[in-house]
Amino acid sequence: MKGKRALKERILIAMICLPFLLSSCLKYTPGKDTVLSVGDGRFQVLHGTSFKEDEGTAYFLCDMENALSECQVQKYYDDKRDKKLYLICRDGYIIVNYKIDSYEQHERIENFIEADQVVFYDESKFTTFGQQ
């Protein structure tokens, strides 16, 4: 009788723990300053201090594999269907394609393909960091 009860307890524990184990299968672990992470966690937006002292809080895109972090992000739109993260930055625009782990960065919207330009021009889709 004790053997059956112990087996049932183990199965119950496994059923409770399994969703937590599966949900934490990120290749790149978010840190304490991570405010947004997409895909396997390679691309993260981090919370930090602005380069200019009078601006206070800032948000930076970080490629955990290639240490990209020079772009100060202002707004974002996560297109979960196409697995693309659109970022409006202080000095340009970035599209992170987290389906294939790549990104494209330009100073002008017109340098992206037309379908992506349409997304950038629809600012109602975007969320401003700090106002989530």
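Here the condition is being surrounded by fewer than 18 Cβ atoms within 10 Å (Cβ to Cβ) and modelled with pLDDT of 65 or more; of Asp54, Asp82, it holds for Asp82 alone. In region 68-84 there is no residue matching the filter, namely being among the charged types (D, E, K, R), over 23 Å from Gly41 (Cα atoms) and without any contact (Cβ under 8 Å) to a residue 40 or more places away in the chain. Within region 111-129, the set of residues being surrounded by 15 or more Cβ atoms within 10 Å (Cβ to Cβ) and out of contact with any helix residue (DSSP H, G or I) (no Cβ under 9 Å at 6 or more places or on another chain) comprises just one member, Phe129. Across region 93-110, the qualifying residues are those that are loosely packed, with under 15 Cβ neighbours inside 10 Å and touching a helix residue (DSSP H, G or I) at 6+ places or on another chain (Cβ under 9 Å), and the one among them that is nearest to Gly41 (Cα to Cα) is Glu104.
The values are calculated or read from the model by the stated rules, or taken from the named source; none is laboratory data. The structure displayed is predicted, hence computed values, not measured ones. Don't worry about glycine lacking a Cβ; one is built from the backbone with ideal geometry, like all the others, and counts go over all protein chains shown.
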